[in-house]
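The values are calculated or read from the model by the stated rules, or taken from the named source; none is laboratory data. Since the structure is predicted, the reported quantities are computational estimates derived from the model, not experimental observations. Using ideal geometry, Cβ is built from the backbone for each residue, glycine included, and neighbour counts are taken over all protein chains shown. For the accessible areas, the whole protein counts, side chains as well, though only heavy atoms, and no ligand, DNA or RNA atoms are used. Shrake-Rupley method; radii C 1.70, N 1.55, O 1.52, S 1.80 Å.
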Amino acid sequence: MPTNIDRIRSIVIEQIIEETPTVKTFVFKDEISSKAKPGQFLMVWIPRVEELPMSVMVSDKKGYAAITIRKHGFGSTALFNKRLGDLLGVRGPYGNQFKIDKESKKALLVGGGTGLVPLMRLTITLNQLNIDTTVIIGAKSKEEMFFEKQANDFLDKTKHNVIISTEDGTYGVRGYATDVMSIIVNKDKFDTVYTCGPELMMKKVVDIGLANSLSIQASLERYMKCGVGICASCCIGDQLVCKDGTVFNEKQLSTMIDFGRMYRDKSGRKVNFHM
Amino acid sequence: MHRRLKRIHEQYNDLLSVSLAGLQLRNPTMLASGFLGISQDVFNRLYRMGAGGIVSKSISIEPIEGYRNPTVFSLEESSYINAVGLANPGAEAFSREIASNRNVPIIVSLVGSSDNEFPSMIKKFDGLNILGYEINLSCPHVAKMGMEVGDDPEMVCAIIKKIKSNTHKPIIIKVGIGSVDVVKIAQVAKDAGADAITAINTIRAMAIDIETMMPILNNRIGGLSGKSIKPVGVRSVYEISKNLGIPVIGCGGIFTWEDAVEFMLAGASAVQLGSVIGYKGLSAFTTITKGIKKYLERKGLKSAMEIVGLAHKY
């Protein structure tokens, strides 16, 4: 087996978990991916279709890892439709990771959609370090909510609280994850907030975090071609999300003019996020 | 050259500075076209990291999205194969991107499928704070652009003449390994008025995944860069520089200061770095520049220009 993480490694989809009608988790054996750090990503090759940057999901089997896919565009839909036994390729893991301050006493995780993936990997570390952890999972509706059980299971050895918010109120608290965050940061004394999800949600998380003088770690997502710091498709200001990120702290985030405002499309043109 | 830029470059007029075709660079390292070349903020960072010059991604008259991924992947031998497909934001958006450039020595790479596309692009960039143009006549994986133009001597001649009549800035022609010999195309470019040659571009290549039994690149065929192509680059620079006497910029698998010096001995007045950035990061510019400096000092030389083409006598 090649040890160079840049080489494409063939993997077989050995298990498929249906999280929601539009979200699936594929489990596969790959020693290198199983050791990915929270916040790192793989470039996942869907042969003859696409290659997508994806966060590495946890598997409970040793030497295994997983990816969690939301059916969305051309590439992710092709991936979503893959079956047991199908072949994919992966390279990586790439990027930095969430940094956990050893002094940290109380952590807050705010995630939405497949942005929950790096946060799930993070909960395992927080559990090991015995850090009191609150997770806010944001979803559109009960039907589209996932990872509640995983969050509780992964945090079994530490004090924890998993809060669900749904936009339509069909489960948990009605509203956005950031609405819940606004309320609980005033009640509890968190030191760090970790976030991953839609960028406009993260922008709100960062704004609330800054207003409350919290340390912030956000894992950002951008369109990528290379994953290794040579194409600049993923750049925000002078930072490359693939190489300098994916995780940025409050200092970096507060100077990123385009964070929550603009991204670059496949041609490299800047495009506004839809508000 | 813009007065402000000229002042900045004069500050670096020491051991490492090089001049070619009217360009003055504070050191011989440049960013190769195709790498990191779309953002002014990233250009500023590269300049802070020590790059002597920066060549943008190849810009076309209209934006190009490029091919679907996989567009680039790594081989075992510190090399990449890519078929990005000349993705770029287009002349209009890119001219806005670099409109605020102050002191970064930017060379705009242009690509087009006929001579008629260049004047309007030049018009957008000529008033900006840039050093000159590199014309990509050698991208090996896009139909009717790059190498398909570069393999046509008449078209090469027409494009260069058209550009020369529309700008006073230096123009550098980037050549590669196509079906017409690289030295011959460089000769055509020189005769048509090119100020310098960059050699070489990536070389047409392919890789197939043996498990899925499928080509990896979405475009199937791409261009090989990195260590694998270095000897071909050195040979091309040597032959072009020795036979034509035109200033040459070396490109192709430069990973270390030793590689850079080898290219300069072959005749390169400056060198371009690309693939190395993926393996060693942006610090490659400083590492390589420092290595060249030490080498020059050890050899008791006063200027980097002294080693350019030293191997020609053999």
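Which pairs turn up if I take residues in region B:33-46 that are among the basic types (Lys, Arg) and look for partners that are open to solvent by 20 Å² or more (accessible area, probe 1.4 Å) with beta carbon separation below 6 Å, at least 6 apart in sequence or on another chain?
Listed by first residue and then by second, the contacts come to B:ARG45/A:ASP238.
Only residues that are of a type outside the set (A, V, I, L, M, F, W, C), within 14 Å of chain B (Cβ to nearest Cβ) and open to solvent by 40 Å² or more (accessible area, probe 1.4 Å): list them for region A:85-111, please.
Listed by number, the residues that qualify are A:GLY85, A:ASP86.
Please go through region A:1-22 and pick out each residue that is of a type in the set (Val, Ile, Thr) and surrounded by fewer than 21 Cβ atoms within 10 Å (Cβ to Cβ).
Within region A:1-22, A:THR3, A:ILE5, A:VAL12, A:ILE13, A:ILE16, A:ILE17, A:THR20, A:THR22 meet the criteria.
Given the conditions (1) buried (at least 20 other Cβ atoms within 10 Å of the Cβ); (2) among the polar types (S, T, N, Q); (3) touching a His at 6+ places or on another chain (Cβ under 8 Å), report the number of the one that B:SER17 does not fulfil.
All conditions are met except number (1).
Please work out which one of (1) within 14 Å of another protein chain (Cβ to nearest Cβ); (2) modelled with pLDDT of 95 or more; (3) part of a loop (DSSP other than H, G, I, E, B) is the condition B:ASN129 fails and give its number.
B:ASN129 satisfies every listed condition except (1).
So B:GLY90 ticks every box in (1) out of contact with any Phe, Trp or Tyr (no Cβ under 8 Å at 6 or more places or on another chain); (2) at positive phi; (3) touching a residue at least 40 places away in the same chain (Cβ under 8 Å) but one. Which box is left unticked?
Of (1) out of contact with any Phe, Trp or Tyr (no Cβ under 8 Å at 6 or more places or on another chain); (2) at positive phi; (3) touching a residue at least 40 places away in the same chain (Cβ under 8 Å), only one is false for B:GLY90: (3).
Got a number for residues in region B:289-314 being out of contact with any Pro (no Cβ under 6 Å at 6 or more places or on another chain) and closer than 27 Å to B:ASN243 by Cβ?
16
Looking at region B:252-267, which of its residues are surrounded by fewer than 24 Cβ atoms within 10 Å (Cβ to Cβ) and not in a helix (DSSP H, G or I)?
If the condition is that a residue be surrounded by fewer than 24 Cβ atoms within 10 Å (Cβ to Cβ) and not in a helix (DSSP H, G or I), then B:PHE255, B:THR256 are the ones that fit.
In region B:22-60, what residues are among the basic types (Lys, Arg) and buried (at least 22 other Cβ atoms within 10 Å of the Cβ)?
Scanning region B:22-60 gives B:ARG26, B:LYS57.
For region A:70-84, give me each residue that is within 14 Å of chain B (Cβ to nearest Cβ) and either loosely packed, with under 15 Cβ neighbours inside 10 Å or under 17 Å from the mean Cα position of the chain (by Cα) (or both).
A:GLY73, A:PHE74, A:SER76
Sort out which residues of region A:227-253 are in a helix (DSSP H, G or I), open to solvent by 10 Å² or more (accessible area, probe 1.4 Å) and either at positive phi or in contact (Cβ under 8 Å) with a residue 24 or more places away in the chain (or both), and write them in order of number.
Result: A:GLU250, single match.
Is it the case that some residue within region A:54-69 is in a loop (DSSP other than H, G, I, E, B), in contact (Cβ under 8 Å) with a residue 24 or more places away in the chain, at positive phi and within 14 Å of another protein chain (Cβ to nearest Cβ)?
no
Within region B:47-60, does at least one residue satisfy the condition of being without any contact (Cβ under 8 Å) to a residue 24 or more places away in the chain and facing chain A (nearest Cβ under 10 Å)?
The answer is yes, given that some residue of region B:47-60 is without any contact (Cβ under 8 Å) to a residue 24 or more places away in the chain and facing chain A (nearest Cβ under 10 Å).
Please work out which one of (1) under 19 Å from the mean Cα position of the chain (by Cα); (2) surrounded by fewer than 20 Cβ atoms within 10 Å (Cβ to Cβ); (3) closer than 30 Å to B:LYS57 by Cα is the condition A:LYS270 fails and give its number.
Only one criterion in (1) under 19 Å from the mean Cα position of the chain (by Cα); (2) surrounded by fewer than 20 Cβ atoms within 10 Å (Cβ to Cβ); (3) closer than 30 Å to B:LYS57 by Cα is unmet by A:LYS270, namely (1).
Identify, please: which residue in region A:113-134 is open to solvent by less than 10 Å² (accessible area, probe 1.4 Å) and in contact with a Pro (Cβ under 6 Å, 6 or more places away or on another chain) and is, among those, farthest from A:GLU18 (Cα to Cα)?
A:LEU122
Hey, among the residues in region B:99-117 that are of a type outside the set (Gly, Ala, Ser) and under 18 Å from the mean Cα position of the chain (by Cα), which one's surrounded by the most Cβ atoms within 10 Å (Cβ to Cβ)?
B:VAL108
Here are some conditions: (1) open to solvent by 20 Å² or more (accessible area, probe 1.4 Å); (2) part of a strand (DSSP E or B). B:ILE249 meets all but one. Which one does it not meet?
(1)
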